[in-house]
Amino acid sequence: MRKNIVAGNWKMNTLLKEGMELATAVNSLAKNKTSNATVIIAPPFTHLAEIKKTLTDVKLAAQNCASEESGAFTGEVSVGMLKSLGAEYIIIGHSERRAYYHEDNAILAKKVNLCLAAGLKPIFCIGEVLPERNANKHFDVVKSQLSEGVFHLSPDAFENLVIAYEPVWAIGTGVTASPEQAQEMHKFIRSVIAEKYGSQLADSTTILYGGSCKGSNAKELFANPDVDGGLIGGASLKAEEFLQIVNAF
Ligand code: PEP
């Protein structure tokens, strides 16, 4: 059976003190969660070491990593550094990284490789922008993000990947994909993985939905057979609402 996961992407929010308070609150609520979902938080880089010390029931993710292993890359943070702080997952290819920092599938493939080589798990984000959906190109876009970003992996490596489908038009906009739109795309993604790696690996791949998922709509999204949880932005900054999402299975 594949894993259910709810991961909170804090983005560039919270100063250290607020972040510590939020992480502590999420961790303590997670002790009494009523679902089997793995709970992950992705605070800013600067908070990871301190927050890690407080976590018992929540796993730690980074929001990004360098595309090189080490060396003269001023301002970058390597996978090895993140691992040394206790991160177990790294979000790779978030649409904000793709759009604002021009990260293309070739760069993202390098990040995925480094992450896996270090024994960490990538949460690999894919998703179309609105004009692509309106032009009925969303399936093609998502398929090429998968084939250029992660389909070079061996089946053994692919097994360690989490996929997050995040339609860009739904991120931070308050507009959520309908449960039918989410299910349709998740089913498609699973079929593309099955074509490449076979149905057993496709069936065991966790595929998260992201894009204005909140306490009030998580249940109907997670009720879909191919939606295995969520990557949550805004609503992950409120401990109680985030746990409401965790418990929405
Ligand atoms: C995200 O940034 O990954 C995200 C899903 O954001 P939000 O939940 O705020 O739409």
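With charges set only on the Cβ (+1 for Lys and Arg, -1 for Asp and Glu), what does the dipole of the stretch 1-135 come to about its Cα centre, in debye to the nearest 20?
In debye, rounded to 20, the stretch 1-135 gives about 500.
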Return a whole-number percent for the relative contact order of the stretch 5-246, with Cα pairs under 8 Å and 6 or more residues apart as the contact set.
21 percent
Selected from His47, Val192, Trp10, residue furthest toward positive end of dipole (the chain; charges at beta carbon):
His47
With each pseudo-label sitting 7 Å past Cα toward Cβ, what's the Phe188-Met12 distance in nm, one decimal?
3.2 nm
Rg followed by Dmax, in Å, when the chain is reduced to its Cα trace:
16.8, 47
Can you return the lysines within cross-link range of Lys110? Criterion is Cα-Cα under 21 Å, with same-chain partners fewer than 8 residues away left out.
Lys83, Lys121, Lys143, Lys196
Of Ala99, Phe124, Leu29, which is farthest on the positive side of the dipole of the chain, counting Cα position, with +1 on Lys and Arg Cβ, -1 on Asp and Glu Cβ, and the Cα centre as origin?
Leu29
Between the stretch 162-176 and the stretch 1-44, the alpha-carbon center distance in angstrom:
18 Å
Separation between the Leu85 and Glu69 pseudo-spin-labels, each 7 Å from Cα along Cα→Cβ, expressed in nm?
2.2 nm
Net charge dipole size for the chain [Lys, Arg +1 and Asp, Glu -1 on Cβ; Debye, nearest 20]:
420 debye
Summing Lys, Arg as +1 and Asp, Glu as -1, what charge do residues with Cβ under 13 Å from the Cβ of Gln181 carry, Gln181 excluded?
-4
Could you please report the charge total around Phe249, scoring K, R as +1 and D, E as -1 over all other residues with beta-carbon less than 10 angstrom from its beta-carbon?
+1
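At a Förster radius of 35 Å, what calculated FRET efficiency corresponds to the Cβ-Cβ distance of Glu21 and Leu130, to the nearest 0.05?
Calculated value: 0.45.
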Within-10-Å neighbourhood charge of Gly86 [Cβ basis; K, R +1; D, E -1]:
+3
Rg [Å, one decimal], Dmax [Å, integer] - the stretch 75-218, C-alpha atoms:
15.0, 44
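Bear in mind these aren't lab numbers, they're just calculated from the coordinates by the rules spelled out. Remember, predicted model here, so these are calculated numbers, not experimental data. Neighbour counts run over all protein chains shown; Cβ positions are idealised from the backbone, glycine included.
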